[in-house]
């Protein structure tokens, strides 16, 4: 049986963040301590009632974010809160590696976006295709 393809379409590109729309929603992440159900429950408690509609049942957008103060790249679930405007939803990263700001970060722990996107597709039982 052939694996389903998870397509990533870039919808935002700034100097420190890239946002991707997924062709299929996902719930799993390479970060073993990331648990979508638990994260979603936390968001439902923390978000004001008028903003809870932004919390999806499954992840449809992700943001790859570069730290501004040191060398670090992390991946977060995201939402489109206004047309063309995206924000991270959770402080728990889906992938990437926290680095020590006091040491300036670590270039060996920062990879091209495609590496993180491929890992997200893989843990969700799919292959990755990039539209950017």
Residues of the range 1-55 being part of a helix (DSSP H, G or I) and under 12 Å from the mean Cα position of the chain (by Cα), in sequence order, are 36
Within the range 93-126, track down each residue that is at pLDDT 95 or above and in contact with a helix residue (DSSP H, G or I) (Cβ under 8 Å, 6 or more places away or on another chain).
94, 95, 96
Can you say whether residue 128 is in contact (Cβ under 8 Å) with a residue 12 or more places away in the chain and closer than 19 Å to residue 11 by Cβ, as far as the supplied structure shows?
yes
Can you name the residue in the range 67-79 that is at pLDDT below 95 and out of contact with any helix residue (DSSP H, G or I) (no Cβ under 7 Å at 6 or more places or on another chain) and, of all such residues, is farthest from residue 117 (Cα to Cα)?
68
Just give me the residues in the range 103-117 being exposed (fewer than 12 other Cβ atoms within 10 Å of the Cβ) and either touching a strand residue (DSSP E or B) at 6+ places or on another chain (Cβ under 8 Å) or more than 12 Å from residue 72 (Cβ to Cβ) (or both), in sequence order.
107, 112
Criterion first (part of a loop (DSSP other than H, G, I, E, B) and either touching a residue at least 12 places away in the same chain (Cβ under 8 Å) or in contact with a strand residue (DSSP E or B) (Cβ under 8 Å, 6 or more places away or on another chain) (or both)) does residue 65 satisfy it?
no
Between residues in the range 68-80 that are surrounded by fewer than 20 Cβ atoms within 10 Å (Cβ to Cβ) and residues that are in a strand (DSSP E or B) and modelled with pLDDT under 95, which pairs lie under 8 Å by C-beta distance while being six or more apart or on different chains?
70/105; 71/105
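The values are calculated or read from the model by the stated rules, or taken from the named source; none is laboratory data. Computed from a prediction, not measured in an experiment: that's the story for all the values here. FYI the Cβ positions are ideal-geometry reconstructions off the backbone, even for glycines, and counts take in every protein chain you see.
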